[in-house]
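Please treat every number below as a calculation from the coordinates, not as lab data. Computed from a prediction, not measured in an experiment: that's the story for all the values here. In this analysis, Cβ positions are derived from the backbone assuming ideal geometry, glycine residues included, and neighbour counts consider all displayed protein chains.
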Amino acid sequence: MAQVCEICGRGPQFGNRISHAHNVTKRRWNINLQSVRALVKGAGKRLRVCTSCIRDGKVQKVA
């Protein structure tokens, strides 16, 4: 499953893992996704949302 936030569309960032001998291999930093029940058009729906969207109040949780 794709590591993408369903609210803001943020995904993983890519970079290099560099060893002490300066061997370079690809690596990725995944975002912190949480499965949340949120209100979408008046109904509860399960979304995969990053924690920054939850913290910023972009998600209205179902009570």
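Observations
- Among the residues of the stretch 11-47, those identified as aliphatic (A, V, I, L, M) and either loosely packed, with under 11 Cβ neighbours inside 10 Å or farther than 14 Å from VAL59 by Cβ (or both) are ILE18, ALA21, VAL24, ILE31, ALA43.
- Residue list for the stretch 28-60, filter: free of Cβ contacts under 8 Å to residues at least 40 places away in the same chain and assigned to a loop (DSSP other than H, G, I, E, B): ASN30, ILE31, ASN32, LYS41, GLY42, GLY57, GLN60
- Residue in the stretch 20-27 that is basic (Lys, Arg) and not in a strand (DSSP E or B) present: no
- First in the stretch 1-20 and among the aromatic types (Phe, Trp, Tyr), second anywhere and outside any loop (DSSP other than H, G, I, E, B), Cβ under 6 Å, 6 or more apart: PHE14/ARG28
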